[in-house]
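Here's the structure we're looking at; comments come further down.
The values are calculated or read from the model by the stated rules, or taken from the named source; none is laboratory data. All values derive from a computational prediction rather than experimental measurement. We place every Cβ from the backbone using ideal geometry, glycine too, and count neighbours over all the protein chains shown. Side chains included, ligands, DNA and RNA excluded: accessible areas come from the protein's heavy atoms. Shrake-Rupley method; radii C 1.70, N 1.55, O 1.52, S 1.80 Å.
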Amino acid sequence: MATLIPPSPAAATTPPATGLNPAAAQQQKVDYLNLPCPIPYEEIHREALMSLKPELFEGMRFDFTKGLNQKFSLSHSVMMGPTEIPSQSSETIKIPTAHYEFGANFIDPKLMLFGRVMTDGRLNARLKCDLTENLTLKGNAQLTNEPHMSHGMFNFDYKGSDYRTQFQLGNGALFGASYIQSVTPHLSLGGEVFWAGQHRKSGIGYAARYNTDKMVATGQVASTGMVALSYVQKVSEKVSLASDFMYNYMSRDVTASFGYDYILRQCRLRGKIDSNGVVAAFLEERFNMGLNFLLSAEIDHRKNDYKFGFGLTVGE
């Protein structure tokens, strides 16, 4: 006959398993006083733009950068290819052009200066200066011989513990301000306002960004009529897929696109296809240290327009 064994006192006092230990439950609690700092408001679509907006070009391009010391370097760029001119017909009219660009760069941990001079008389300049650990001054300007085409802008960026704010000041009585705040470890919300006194226009916008280790989703809407949605899925450390949706509820223009970003050991391939019938691809191949080969292609099936380019980049 079987003997009944009474349960031990230890077993009787052991609480039932709940599937979640106290340490894991404590880790799940969100410390809202110690949230991460979000990325700047103007860069909320950064991951999507890397795949969907590569630096496409047409024709031939050659870039050479020579470092004179650890902080100062010179650059030379030669670009030859067609330039589109406005036309009332549906066909694209292009004329062959070529220009040379000379640049000077100064890079320091707290100060960066970039200047470019082109043969057509244009001068581009950029500035980034860390005034304090949290306050950064950014500036960019373009000077040209054409009347009313020169412009300049200064940005003051302040980085807080869990927020970022920016104030813009530009010529033509342009004023702008933006603010973005982390509300959870993965979600950040923000808004912007601007006033263009020269054109008597003002606007306001809102944005949201949700990011994890595997995905990034963003949404932006503005009173100018723009609605922008983007989504990036990180398939692996080297492969990312991206899509976006652009809608203007004033002009009723709608565009959707899908792109990819594939990083190999010696090259990086990016491309996209959109609802307007445009297919594009951009390849960066590293031949050796300081020597890169560029290949760009874009096909617009609706306009029957084809753009192909190749280039070399020498120097770091």
Of K29, K303, K272, K128, which has the most accessible area and how do the rest follow, probe 1.4 Å? K29, K303, K128, K272
Karplus-derived HN-Hα couplings along the range 149-163 (A = 6.51, B = -1.76, C = 1.60, θ = phi - 60°), whole Hz, x at Gly and Pro: 10, 7, 8, x, 8, 10, 10, 10, 10, 10, 10, x, 5, 9, 8
Considering the dipole of the range 78-183 built from charges on the beta carbon (Lys and Arg +1, Asp and Glu -1) around the Cα centre, which of Y163, T132, F106 is farthest to its positive end? T132
Give the separation of the Cα centroids, the range 139-163 to the range 246-300, in Å. 27 Å
Binning every alpha carbon pair distance of the range 160-249 at 5 Å from zero, what are the percents per bin? 3, 12, 18, 18, 18, 15, 9, 5, 2, 0
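With a 1.4 Å probe and all protein chains kept in place, how do E133, E91 rank by accessible area, largest first? Please list the in-between numbers first.
Numbers: E133 180, E91 135 Å².
Ranking E133, E91 by accessible area, largest first, yields E133, E91.
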Could you point to the label whose value was computed as mean projected area of the Cα convex hull in nm² for the structure here, given (i) 16.4; (ii) 27.7; (iii) 15.5? (ii)
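What full-extension length gain, to one decimal in nm, is calculated for L131 and K110 as 0.36 nm per residue of separation minus the Cα-Cα distance? Spell out each step's value before the answer.
Values: separation 21, 0.36 × 21 = 7.56 nm, distance 0.79 nm.
Value of the extension gain: 6.8 nm.
In cubic angstrom, how much convex hull volume per residue do the alpha carbon atoms of the range 36-92 span? Let's see the in-between values first.
Numbers: hull volume 11.1 nm³, N = 57.
For the range 36-92, the hull spanned by Cα atoms encloses 194 Å³ per residue.
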Of S178, S188, S275, the one that fluctuates the most in a GNM where the chain has Cα springs shorter than 10 Å: S275
Listed residues P147, P82, P40; largest mean-square fluctuation, Gaussian network over the chain with Cα springs below 10 Å, found at P147
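Of the DSSP beta bridges with both residues in the chain, give the percent that are antiparallel, rounding to the nearest 5.
95 percent
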What whole number of Å gives the distance from the Cα centroid of the range 54-75 to the Cα centroid of the range 217-231? 34 Å
With DNA, RNA and ligands ignored, accessible area of C129 (1.4 Å probe; Å², nearest 10): 30 Å²
Of L56, L264, L35, the most mobile residue in a GNM of the chain (C-alpha springs, cutoff 10 Å) is L264
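Where does each of M215, M250 land when they are ordered by accessible area, with a 1.4 Å probe and the largest first? Each step should come with its number before you reach the end.
On the way: M215 35, M250 125 Å².
I get M250, M215, largest accessible area first.
Going through the range 34-114, which trypsin sites (Lys or Arg not before Pro) have at most 14 other Cβ atoms within 10 Å and a DSSP loop state? If you can, show how the numbers build up before the last one.
Details: sites: R46, R61, K66, K71, K94, K110; in loops: K71, K110.
Passing sites in the range 34-114 are K71, K110.
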Pop out the ³J(HN,Hα) list for the range 253-267 in order, Karplus 6.51 cos²θ - 1.76 cosθ + 1.60 with θ = phi - 60°, rounded to Hz; leave Gly and Pro as x. 8, 10, 9, 10, 9, 9, x, 9, 9, 10, 9, 9, 5, 10, 8
Heavy-atom accessible area of I95 with all protein chains present, probe 1.4 Å, nearest 10 Å²? 80 Å²
Quick query: amide H of N276 versus all other amide H atoms, modeled in the peptide plane; which residues come in under 5 Å with a sequence gap of 5 or more or a different chain? A256
